[in-house]
Amino acid sequence: MSFEDTMLRRARVRVSMLVGLTVTALLALGAAISYVALLHSQHEQIERELTYGAVHGTIDGPPGCNWIILYDGGTIDSGRNPPPPGFPLRSAIDAVALDRQARSDRIDRNGTTYYVRTQPRGTGVVQAVFDARFQLSDRRHLLAAFLLAAMVGLAAAILTGVVVGRRAVAPLAEALSRQRRFVADASHELRTPIAHVHTRAQILARRAGTDRADYDRLIETTRRLGEIVDELLLSARLAATPADRHPSEPVDLARLAAEAVDCEADRAAEQGVQVHLTVPDTPVLVPGVASALRRVVGELLANALTHTPTGGRIDVTVRTSRRDADLVVTDSGTGFDPADAERLFDRFHRGAGAKDRRFGLGLALLREVVTSHGGTITTDSRPGAGATFTVRLQTIPPRISAAPPGAVSPVGVTPAR
């Protein structure tokens, strides 16, 4: 899956989540308002009945859920309707009889909740008890109904979000597809004339003899322009639909690393940089496109050489685990701020040493290549302490028909153990 495909998929998921969360939030808000309204109504009803019963000595309501208890001169009278176990609240009666101040209590007992109003009445005390079991049952039923509605609403919201997400992102996907096709077609058409210009500039430079500085700059400019076109074309191919992509093949990552080190041996010698290669004795096969993965290895090594001063060291290591293969390029160069680690993979990003770096897609293209191969690329660095880039790819079991291991680079090659 390409980087752009990943972004489109994330956009669809985000739109779906936003729609689902919005609908769910509206349902939750409606449920909360309804529950609070019911709770307020029930409390008003309970308060009204307790007050009436305490004042008038009787309660309008079901006989089995309401009790009136009278206390006068040490005698407690609950009438014909005896209160539940644990009532009357003798502590409340004694307190009111002493200070003549009304009080309210809430008691959780016998699997229900009792609301108790105790207040003075004449020379005695009256205590009204209200059993809220029916109100609690209404609350539970309301919550169950809301839960069921929330589940149905959430399912409908997710389905709606998926549909809306696909329709919302569809124009963007089509636009990106057209952009990729345009970039691929334009890059393909530009390669031939750029190559002709580059060749003609080289011929003119040879004819110019010693006065060829301007021609050398022209050659360098056309070379860079050709690299940019190649990178754009590769990026467009990586983002293409599966039917238009190159088929995967077993690629020996160890061989690619050895070839890249051998290719950059002269440049490293001119800069006075030691390059050490460590690879396994057997091929490290990964599925992918050889030309694209060769670009990854070469770009990482070229990037390390660009930022490593004279007398520095670069280590290129290929190692394997049970299912993965790692390509690790470590240099002793200038390094960079860890806060810029993610920005390094942005297209056309230019860091502190941008004036010395070539133009193009650079590390952004590398990430596209790696992610399109189902792998990851990470970096770790500190200012002045060098940088480490790690590419992790899935491996495939070695086969008899696999390509032989790559040629060993003469620049500090060490077999891995």
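The values are calculated or read from the model by the stated rules, or taken from the named source; none is laboratory data. Note that this is a predicted model, so its numbers are computed, not measured. Cβ atoms come from the backbone with ideal geometry, glycine included; neighbour counts cover every protein chain shown. Note: areas computed on protein heavy atoms with side chains; ligands, DNA, RNA excluded. Shrake-Rupley method; radii C 1.70, N 1.55, O 1.52, S 1.80 Å.
Figures for the structure shown
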| item | result |
| --- | --- |
| Some residue of segment 134-141 being charged (D, E, K, R), free of Cβ contacts under 8 Å to residues at least 60 places away in the same chain and closer than 20 Å to Pro84 by Cβ | no |
| Qualifying residues in segment 62-82 (those that are within 60 Å of the chain's Cα centre (by Cα) and open to solvent by less than 40 Å² (accessible area, probe 1.4 Å)) - the one modelled with the highest pLDDT | Trp67 |
| Flag if Val116 is open to solvent by less than 20 Å² (accessible area, probe 1.4 Å) and modelled with pLDDT of 90 or more | yes |
| Hits in segment 186-221 - residues which are modelled with pLDDT under 70, among the hydroxyl-bearing types (Ser, Thr, Tyr) and in a helix (DSSP H, G or I) | Ser187, Thr192, Tyr215 |
| Any hit, segment 165-183, residues being at pLDDT 75 or above and either within 30 Å of Thr113 (Cα to Cα) or open to solvent by 90 Å² or more (accessible area, probe 1.4 Å) (or both) | no |
| Positions within segment 253-288 being within 20 Å of Arg323 (Cβ to Cβ) and not in a helix (DSSP H, G or I), in sequence order | Val279, Pro280, Asp281, Thr282, Pro283, Val284, Leu285, Val286, Pro287, Gly288 |
| Per-region count, segment 297-327, residues more than 17 Å from Glu368 (Cα to Cα), open to solvent by less than 50 Å² (accessible area, probe 1.4 Å) and either free of Cβ contacts under 8 Å to residues at least 12 places away in the same chain or of a type in the set (A, V, I, L, M) (or both) | 8 |
| Among residues of segment 311-334, those that are within 20 Å of Ala385 (Cβ to Cβ) and touching a helix residue (DSSP H, G or I) at 6+ places or on another chain (Cβ under 6 Å), counted | 4 |
| Residue check, His56 open to solvent by 80 Å² or more (accessible area, probe 1.4 Å) and modelled with pLDDT of 75 or more | no |
| Strands (runs of 3 or more DSSP E) contained entirely in segment 30-135, each with at least 3 residues that are basic (Lys, Arg) | 103-109 |
| Cβ-Cβ under 8 Å pairs, at least 6 apart or on other chains, segment 25-36 side in contact (Cβ under 8 Å) with a residue 24 or more places away in the chain and of a type in the set (Phe, Trp, Tyr), far side in a helix (DSSP H, G or I) and open to solvent by 50 Å² or more (accessible area, probe 1.4 Å) | Tyr35/Leu143; Tyr35/Phe146 |
| Per-region count, segment 266-296, residues open to solvent by less than 20 Å² (accessible area, probe 1.4 Å) and farther than 10 Å from Asp252 by Cβ | 7 |
